[in-house]
Structures are given as C-alpha cells and as structure tokens.
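Here the structure comes first, spelled out in structure tokens, and everything after it is commentary.
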Amino acid sequence: DTGVSQDPRHKITKRGQNVTFRCDPISEHNRLYWYRQTLGQGPEFLTYFQNEAQLEKSRLLSDRFSAERPKGSFSTLEIQRTEQGDSAMYLCASSRIFGDGYTFGSGTRLTVV
Amino acid sequence: QKEVEQDPGPLSVPEGAIVSLNCTYSNSAFQYFMWYRQYSRKGPELLMYTYSSGNKEDGRFTAQVDKSSKYISLFIRDSQPSDSATYLCAMNDRGSTLGRLYFGRGTQLTVWP
C-alpha cells in the first residue's frame, strides 16, 4: 500500500492553457474522488468514480472540467482554458465502497498566472 | 448558509491544554461524521469517524456527536506541538458507503511548547 499518488505536485500555467492532473489510488480501492481546496477553505467536492463509472458530479464542475477513470485504476482531471479562479489545490482521494473514510493524496497545487 | 459551519480560528494553546474543536450542520440527513487533520501543504488524514450520537474515544482524541443539536466536537487531551495543524470536520448522508463528503472550512490549531 503506497498510498494515493498525485502528479504533478505543483503546476504553474498561463491563463487560457489546458492542464491535466493524474491520480493513482490505492490499488484495492474501488472509489476515487476529486476535490478542490482553496486557501482557508475546506475541500469542495468535484466528482467521484466507482471503478470506471462516474457516479456524481458537482455543479462546481463546469464544462471546462472533465475527469476520467478509463480502466478503473488511475484517473485524470483536465481543466480547459484555465482561469485565475481555478488556482487551488486539487485533491484526489480513494476508498473502498464501504469504508471508514477516504485516503487523500498530497494534492496538486495549481497556479494560473 | 453553508451546510457545515466551522470556526476557522486560529486557535493557539499551550502544550498540555485540552482543545475543543466544533462544527455545526444544517442537514438532518447527515449520519456519518469524521474528523480529518491536515498539515500545511499536505492532504487531509482521517483521525476519527462515528455514526451515532454520543462519544467515541481514541487515545488522546474524543469525538462527540449531538444529532439533536446538529453539533459535533473533537476534544484533544494533553495537546502536543505535533498536534499543530488544521482540523477539518466532514460528514455525509450515506453512512459507510461514503460517496460525497461535506467539509467544514477547518480550524487552524497551534500548540506552543
């Protein structure tokens, strides 16, 4: 069990560019979650998957955001045409279907300049 | 009004003090309550979880839930400088099937030697 891995740890991009983040969950966890956290705030839910199926998406997930988990293992979160308001920490977590709680990764910090 | 309210602090206490952290919530369907600890620039880590009203103890930590008042607390006894972190409450309406969690904004705690 190597924990939840996120890549990259930091990303600086210019406004209008597209960015993609990757998350590798704990191997035996069926569920994978994406959250966004801004300074001084708690994590805000974006979306989650059970295996390869996307079960729920937040209204926060505008059409510029897309997430995939094609083979039920790793997941990617893409943000198109980034805006300064997208600057945040993007957290990935995984869990079993029935579990005590999530295991979070260390996050990807996005800065849009 | 946010579904989960948490005083952001900051809270500063001397080593050895008893710390009380609290959250209130508005959704009576919430049934599963968690506390996470988050160190700076890291992902949250699960501290404790509980389903029902009452107390749950784990070492120096006690989680308390009062569903009638929609109020949860985390107590830390004999606080240590290593407890300095942001503490996040989280909850859901789906029990141990987890799914989406609703987080408070976090309380920043500093324990000074």
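The shape of chain B can be summarised by an equivalent ellipsoid whose semi-axes, obtained from the alpha carbon gyration tensor, come to 23, 14, 13 Å from longest to shortest. When you work out D = kT/(6 pi eta Rh) for segment A:44-113 at 20 °C and 1.002 mPa s, using the Kirkwood radius from C-alpha pairs as Rh and the Stokes-Einstein form, the result is 162 µm²/s. Cross-link partners among aspartates and glutamates for B:K70, C-alpha distance below 17 Å, same-chain residues fewer than 8 apart left out? The qualifying aspartates and glutamates are B:E3, B:E5, B:D7, B:D93.
Return P(r) of segment A:1-90 (all Cα-Cα pairs; 5 Å bins starting at 0; whole %; ordered from short to long distances). It works out to 3, 13, 24, 26, 20, 10, 3, 0, in whole percents. Taking packing as the residue-averaged number of other Cβ atoms within 10 angstrom, the listed peptides A:98-105, A:70-77 run from highest to lowest as A:98-105, A:70-77. Partner shielding of B:102-109 amounts to 3, given as the average count of beta-carbon atoms from other chains within 10 Å of each residue beta-carbon.
For segment B:54-109, the fraction of alpha-carbon pairs lying more than 12 Å apart is 73 percent, rounded to a whole number. Given +1 at the Cβ of Lys and Arg, -1 at the Cβ of Asp and Glu and no other charges, the dipole of the protein assembly as shown around its Cα centre is 600 debye to the nearest 20. Here the convex hull built on the C-alpha positions of the protein assembly as shown has a volume of 124 cubic angstrom per residue. Counting, for every residue in A:95-106, the Cβ atoms of other protein chains within 10 Å of its Cβ and taking the mean gives 6. Here the relative contact order of chain B, from alpha carbon pairs under 8 Å that lie six or more residues apart, stands at 37 percent. If a spin label sat at a point 7 angstrom from the Cα of A:N18 along the line to its beta carbon, the backbone N atoms of segment A:66-82 nearer than 17 Å would be those of A:66-70, A:76-82. Annotation for segment A:14-106: GluC sites (Glu not before Pro) lying in DSSP loop with at most 14 further Cβ atoms inside 10 Å of their Cβ are A:E28, A:E52, A:E83.
Working note: Karplus 6.51/-1.76/1.60 with θ = phi - 60° gives segment B:25-42 the couplings 9, 10, 8, 5, 7, 5, 9, 9, 10, 9, 10, 10, 10, 10, 7, 4, 6, 10 Hz, where Gly and Pro are set to x.
Take the alpha carbon atoms of segment A:45-87, find their center, do the same for segment B:59-113, and report the distance between the two centers in whole angstrom. Computed from Cα coordinates, the inter-centre distance equals 27 Å.
Among the residues of A:29-37, the average count of other protein chain beta-carbon atoms within 10 Å of the residue beta-carbon is 2.
Annotation: amide H-H contacts under 5 Å for A:E56 (H modelled 1.01 Å from N, sequence separation of 5 or more, or interchain): A:Y48. Once the chain from A:E56 to A:R81 is taken as fully extended at 0.36 nm per residue, the excess over their C-alpha distance is 6.7 nm.
Every number here is computed from the coordinates shown, using simple stated rules; none is lab data. These figures come from a predicted structure and were not determined experimentally. Glycine also receives a Cβ, built like all others from the backbone with ideal geometry; neighbour counts cover every protein chain displayed.
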